[in-house]
Amino acid sequence: NAGVTQTPKFQVLKTGQSMTLQCAQDMNHEYMSWYRQDPGMGLRLIHYSVGAGITDQGEVPNGYNVSRSTTEDFPLRLLSAAPSQTSVYFCASRQANPLYGYTFGSGTRLTVV
Amino acid sequence: QQQVKQSPQSLIVQKGGISIINCAYENTAFDYFPWYQQFPGKGPALLIAIRPDVSEKKEGRFTISFNKSAKQFSLHIMDSQPGDSATYFCAAINTGTASKLTFGTGTRLQVTL
């Protein structure tokens with residue numbers, strides 16, 4: 001099925017551990033982005049990419065790294081997990097015309113203990 | 001600071017009633033205003049969207065009203081149904097600069113029988 005695939009769906013980390021959240025899309029979308037969703041705060045942009053090899057920071061980038069080596073994949077790396085990074089993470093992509101809307105993955109629920 | 005303010009945080013409406021969710025923005029560079037619907041365990045999905053040169057847009061039971069001078073817009077759900085129970089996010093985009101989505105804080109809607 002075409003869309004945005006996120007793995008894993010659930011993850012528990014200990015403080016200080018590192019991990020990578022995977023995101024892949026098969027719609028040939030140039031634009032991809034990562035959001036975190038926290039109660040009462042909506043979705044906040046972490047990092048985004050307008051094409052392979054190009055990334056930029058969003059609203060809440062601290063503690064996260066990204067890279068975009070292919071059009072399809074946009075992994076999010078937590079280098080040293082902190083309890084404040086406990087959240088639900090969503091990857092989204094869109095085609096060149098933003099008026100067609102964003103396609104979101106089903107999310108990764110991350111708990112840092 | 002929250003660039004897009006959304007209210008109420010939660011809403012309970014009886015079946016057949018009208019659900020109204022309000023949003024306000026500050027950045028006059030925003031030029032596209034989508035609404036996203038999110039069911040538990042899923043990512044947000046585009047519901048309806050409007051440009052500021054239009055005062056109202058209707059799709060089925062869903063209507064966006066837009067007041068450019070007041071920098072406010074709202075979502076009306078007519079004849080609300082239990083299947084409409086979800087979290088609704090307003091959002092704003094500046095299509096001139098990477099078209100990043102800026103979300104409101106969300107409204108959890110419950111439609112009772």
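Details
- Filter result for A:Arg94 (over 10 Å from the mean Cα position of the chain (by Cα), of a type in the set (D, E, K, R) and under 28 Å from B:Tyr88 (Cβ atoms)): yes
- Among the residues making up region A:82-113, those that are more than 7 Å from chain B (Cβ to nearest Cβ), among the hydrophobic types (A, V, I, L, M, F, W, C) and closer than 27 Å to A:Ser18 by Cα are A:Ala82, A:Val88, A:Cys91, A:Ala92, A:Leu110, A:Val112, A:Val113.
Here is a yes/no grid of residues against (1) under 12 Å from B:Thr102 (Cα atoms); (2) more than 15 Å from the chain's Cα centre (by Cα); (3) facing another protein chain (nearest Cβ under 10 Å):
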site: B:Ser7; (1), (2), (3): no, no, no
site: B:Gln14; (1), (2), (3): no, yes, no
site: B:Ile21; (1), (2), (3): no, no, no
site: B:Gln38; (1), (2), (3): no, no, yes
site: B:Pro44; (1), (2), (3): no, no, yes
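- Residue match in region A:33-42 (condition: more than 21 Å from B:Leu46 (Cβ to Cβ), modelled with pLDDT of 95 or more and buried (at least 20 other Cβ atoms within 10 Å of the Cβ)): no
- Verdict on B:Thr28 being among the β-branched types (Val, Ile, Thr), touching a Lys or Arg at 6+ places or on another chain (Cβ under 9 Å) and exposed (fewer than 12 other Cβ atoms within 10 Å of the Cβ): yes
- Subset of region A:38-75 [touching a His at 6+ places or on another chain (Cβ under 7 Å) and of a type in the set (A, V, I, L, M, F, W, C)]: A:Val66
- Residue selected from region A:43-81 under the condition hydroxyl-bearing (Ser, Thr, Tyr) and farther than 24 Å from B:Ala45 by Cβ, by the criterion nearest to the other protein chains (Cβ to nearest Cβ): A:Thr55
- Of all residues in region B:1-16, those that are within 13 Å of A:Gly40 (Cα to Cα) have Cβ atoms under 8 Å from Cβ atoms of residues that are charged (D, E, K, R), 6 or more apart or on another chain, in B:Gln9/B:Arg108; B:Ser10/B:Arg108.
- Residue in region B:67-113 that is surrounded by the fewest Cβ atoms within 10 Å (Cβ to Cβ), counting only those that are within 11 Å of another protein chain (Cβ to nearest Cβ) and in contact with a helix residue (DSSP H, G or I) (Cβ under 6 Å, 6 or more places away or on another chain): B:Thr95
The values are calculated or read from the model by the stated rules, or taken from the named source; none is laboratory data. Every value quoted in this text rests on a predicted model; they were computed, and no experiment measured them. So basically every Cβ, Gly included, is an ideal-geometry build from the backbone, and we count neighbours across all protein chains shown.
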